[in-house]
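Colleague: Here's a structure for you.
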Ligand code: WT7
């Protein structure tokens, strides 16, 4: 239509405004862009007209302001929230340059506020107490529930009061090991209300992984439920907690309280093993407490939560986020990246056990007074149409998910999608790994009926919120590109030496200057924080990701450059899987690499050397896989075990993963130089065993 063409033209004709900040030159959209070969997908003029940010020019103005005057920019956004006391007077003080001393990031220092108050009370006081905060959809279709903002606040207050009653106070850690029941966000908010620090552990993690996390943060209480049903299977979560707590007690950490929610639809309480004095049924005690609870005012820089994530060594890192900056950042990114309107119904398929569920199931949406769908089940149960059934049922308008789910639904066929109306959908989102253009197009055209823009949001547990993301009404999109930085974020691409490279280029993705949602430390290990993130390229935050920037300034994330792999959007260090494998009595050595996987993005490929004299067997293969499942969790189970008489090592003993990656992906003509290996013949042996 001519309307559409005019819109395209106006997008292509941008005032350059170049020169002021060199970084901004990268986002000047050239005239040549508005052509087909550039593979651009434009938001419809109707969408842009109503969008919060409706043109590249408007985006540029806001972005420039955020870079030139971060204090003014962020304090204006912060003023929509309630602060018991204002920050004084500096908005941000930071040192991210290791050469100048200890890395330290502070936003809104000196101000006092409360996350829970801003997410709940503030919305109720504004007259939105009757608005639905959470629609809950159970594993079985037809099993559901809902809570308004006022009701959610009452539930949260009761739990806060109970936690206070048993002695949980400001600064105390609480571990939460729950599936996607409403009680999970309730527990997070209840901790936030009293200044306790929650540490949610994804309920797919094993007893050992849970124990490791409990040992690290020594919580006053663990909150869990008896069981959960995922698809047709029931999983006894309480038993996993029991064995984790037993392990921890052996290491001298005993937890005095295990508050257990009876998830009745999954299992009756009678069959649950019980330790009197330590275990308490949630339903028996929490409802007895008052539904009003005074707020604990905390400093903007007081910790809000810990969340463990994988790095390139075996030990998970406790990423620590604080209150004020994280609050302002998650709220703002949610609003702009999804073009949020108060009438939206929002559904993010992530579990609260990951950062996405912290920032974009719980805090970001609730701070905006949004209505959120929380789904307990599996997206392919009872069949692959479940997501669209839920979308139609609740009239979901913003749907945020991971590429792995998109790919697996794409494989199941369009009929599961087209059977449902989906006409409520307005904006789609993707997170966790790069989304390949084919999956992007299917998501856009089939799920979104070619009507909904896709926000491909690049960020990390460490960043707290979106870093590189489309603003859906502002820019034309390129399938597979996360596009441009969010307000206040200055991404740079550096070469191996840490020199910034300009224009069209590829290299390591770093960030210059802090942003309000940045993590402040690794719990108990500030040195590792500096070494991992700030020392590789002094002066910058190093993301661990590779990235290229095209001639139009669009960013294309190319995956991790460290020993971290990304399975269905879940991060796991190769070292963690290796250490699980070598704990098996018959495994002498293991090396794990990621390989391309059609649905999961990356699959886990493990080279395993057995103890002298132990023969290869199918049974042993299964038992190795089981060891990893038990020690880390099902998602980390290797897809392939490759028997290895020896591993390719340098003379100094370092495993050459580059070669293993090539063998794993059968790129045998690209093995490269193997002459530096201590024993080059191992490569041929490995190739010979490829199909065993
Ligand atoms: C890593 C962070 C952030 C929530 C989920 C994962 C990869 C994440 C994208 C994206 C390309 C992405 C990166 C990043 N990643 N989103 N949109 N495009 N890659 O959080 O477990 O901390 O993992 O996930 O490699 O470093 P996480």
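Colleague: Using alpha carbons only, how many angstrom separate the centre of segment 42-78 from the centre of segment 619-692?
Modeller: Going from one Cα centre to the other spans 48 Å.
Colleague: Relative contact order for the chain using alpha-carbon pairs under 8 Å, separation at least 6, rounded to a whole percent?
Modeller: Computed value for the chain: 13 percent relative contact order.
Colleague: Using a 10 Å cut-off around each Cβ, can you sort 652, 690 from fewest to most neighbouring Cβ atoms?
Modeller: With the fewest neighbours first, 652, 690 line up as 652, 690.
Colleague: Using only C-alpha atoms and all pairs of different ones, pull out the Kirkwood radius for the chain in Å with one decimal.
Modeller: Answer for the chain: a Kirkwood hydrodynamic radius of 26.2 Å.
Colleague: Let me ask another. Between residue 668 and residue 504, what's the calculated FRET efficiency when r is the beta-carbon distance and R0 is 25 Å? Round to 0.05.
Modeller: So the FRET efficiency works out to roughly 0.20.
Colleague: Also, quick follow-up: How big is the antiparallel share of DSSP beta bridges in the chain, given as a percent to the nearest 5?
Modeller: Once the DSSP bridges in the chain are tallied, antiparallel ones form about 60 percent.
Colleague: What is the spin-label model distance, in nm, from residue 512 to residue 415 if the labels are put 7 Å beyond Cα along the C-beta direction?
Modeller: Here the modelled spin labels are 5.5 nm apart.
Colleague: Could you work out Rg/(2.2 N^0.38 Å) for segment 333-386, with Rg from alpha carbons only?
Modeller: Expressed relative to 2.2 N^0.38 Å, the Cα Rg reads 1.20.
Colleague: If each residue of separation counts as 0.36 nm, what is the full-extension length gain between residue 278 and residue 246 once their alpha-carbon separation is subtracted?
Modeller: Gain on stretching residue 278 to residue 246: 10.3 nm.
Colleague: What translational diffusion coefficient, in µm²/s and rounded to a whole number, does the Stokes-Einstein relation yield for segment 508-616 at 10 °C and a viscosity of 1.306 mPa s, taking the hydrodynamic radius as the Kirkwood radius over Cα pairs?
Modeller: 95 µm²/s
Colleague: For residue 687 and residue 218, calculate 0.36 nm times their separation in residues minus their Cα-Cα distance, and state this gained length in nm to one decimal.
Modeller: Net length gain for the segment: 164.2 nm.
Colleague: Which ordering of 250, 395, 662 is given by a fewest-first count of other beta-carbon atoms within 10 Å?
Modeller: If I rank by nearby Cβ atoms, fewest first, I get 250, 395, 662.
Colleague: How long is the gain from residue 582 to residue 235 if the chain were fully straight, where each residue apart is worth 0.36 nm and the alpha carbon distance is subtracted?
Modeller: Roughly 122.2 nm would be gained on extension.
Colleague: Taking neighbour Cβ counts within 10 Å as the exposure measure, how do 666, 65 sort from fewest upward?
Modeller: By the 10 Å Cβ count, ascending, the order reads 666, 65.
Colleague: Modelling each spin label as a point 7 Å along the Cα-to-Cβ direction, I'd like the residue 424/residue 100 distance in nm, to one decimal.
Modeller: Going by the 7 Å Cα→Cβ label model, 4.9 nm.
Colleague: Can I ask one more? Give me the distance in nm between label points sitting 7 Å out from Cα along the Cα-to-Cβ direction at residue 80 and residue 436, one decimal.
Modeller: That separation, rounded to one decimal, is 3.8 nm.
Colleague: Please report how far the C-alpha centroid of segment 102-145 lies from that of segment 415-469, rounded to the nearest whole angstrom.
Modeller: After rounding, the separation between the Cα centres reads 24 Å.
Colleague: Please state the relative contact order of segment 569-688 as a whole percent: Cα pairs under 8 Å, 6+ residues apart?
Modeller: Once normalised by length, the contact order is 23 percent.
Colleague: Could you work out the relative contact order of segment 70-144? I mean the mean sequence separation of Cα pairs under 8 Å and 6+ apart, divided by the number of residues, in percent.
Modeller: 24 percent
Colleague: At 222 nm, what value in deg cm²/dmol follows for the chain if DSSP H runs of at least 4 each add -39500 (n - 2.57) and the sum is divided by all its residues, to the nearest 500?
Modeller: Per the formula, -7500 deg cm²/dmol.
Bear in mind these aren't lab numbers, they're just calculated from the coordinates by the rules spelled out. Computed from a prediction, not measured in an experiment: that's the story for all the values here. Neighbour counts run over all protein chains shown; Cβ positions are idealised from the backbone, glycine included.
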